[in-house]
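The values are calculated or read from the model by the stated rules, or taken from the named source; none is laboratory data. Owing to the predicted nature of the structure, the values given are computational and were not obtained by experimental measurement. Using ideal geometry, Cβ is built from the backbone for each residue, glycine included, and neighbour counts are taken over all protein chains shown.
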Amino acid sequence: MSQLNPVDVTFRLMYELKKSIHRQMGYLDCSLNPGDINVLKEIASHDGNITANEIANLLNRDKAQITRILILLIKENMIEKQANPNDKRSQFLVMTNRGKAIHQQISKVDQLMLEQLGEGLSKQELQTFQNLAEKMILNLEV
């Protein structure tokens, strides 16, 4: 594997990570894809105090993509909309009990993935990897 250049190594890592995530997601009680899960995580982390526009901005996605995902999450009874008392034109997105239960399952999968990724690595090596990956992401966002 040392013969691969950094781009090839990154693609290989993404492929293996995606394959492992899909395998783990098969155990969840839902049919969400990773993009849907990222939206659900954002809603959960803001505890009912986030709008669709804010999610689009945080995840750097267009509003149409976020709207499609929100429709799915509402249909799957994972989230619901509540009136925003500060702005009548927008609504807050709130987790339902089912959404909270799915989010707990997702958190367990995240922890399992982190353990699997970090196997044989020190905390310092993981932190170095995270720092480098964040810098590379910023380089590509230009």
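The set of residues in the range 76-96 being over 19 Å from the mean Cα position of the chain (by Cα), more than 13 Å from residue 54 (Cβ to Cβ) and not small (Gly, Ala, Ser) consists of 81, 82, 85, 88, 89. Checking each residue in the range 107-142 for being more than 19 Å from the chain's Cα centre (by Cα), loosely packed, with under 11 Cβ neighbours inside 10 Å and polar (S, T, N, Q) picks out 122, 124, 139.
Please go through the range 72-97 and give me each residue that is in a helix (DSSP H, G or I), within 13 Å of residue 43 (Cβ to Cβ) and out of contact with any Gly (no Cβ under 9 Å at 6 or more places or on another chain), ordered by number.
Once the filter is applied, which keeps residues that are in a helix (DSSP H, G or I), within 13 Å of residue 43 (Cβ to Cβ) and out of contact with any Gly (no Cβ under 9 Å at 6 or more places or on another chain), the range 72-97 yields 72, 74.
Per-residue answers, yes or no, for (1) under 23 Å from residue 91 (Cα atoms); (2) charged (D, E, K, R):
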| site | (1), (2) |
| --- | --- |
| 16 | no, yes |
| 22 | no, no |
| 31 | no, no |
| 38 | yes, no |
| 45 | yes, no |
| 50 | yes, no |
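Pairs are defined by a Cβ separation below 7 Å, a sequence spacing of at least 6 or placement on different chains, a first member in the range 125-142 that is farther than 19 Å from residue 59 by Cβ, and a second member that is at pLDDT below 95; the pairs so defined are 126/118.
Would you say residue 49 is in contact with a Phe, Trp or Tyr (Cβ under 8 Å, 6 or more places away or on another chain), of a type outside the set (Phe, Trp, Tyr) and at negative phi? The answer is yes for residue 49. Considering each residue of the range 53-69 in turn, none proves to be under 26 Å from residue 113 (Cβ atoms), touching a residue at least 60 places away in the same chain (Cβ under 8 Å) and surrounded by 15 or more Cβ atoms within 10 Å (Cβ to Cβ).
Going through (1) within 29 Å of residue 142 (Cα to Cα); (2) of a type outside the set (Val, Ile, Thr); (3) surrounded by fewer than 14 Cβ atoms within 10 Å (Cβ to Cβ) one by one, residue 77 falls short only on (1). For residue 41, the criteria (1) basic (Lys, Arg); (2) within 30 Å of residue 119 (Cα to Cα); (3) free of Cβ contacts under 8 Å to residues at least 60 places away in the same chain; (4) surrounded by 15 or more Cβ atoms within 10 Å (Cβ to Cβ) hold in every case but one, which is (3).
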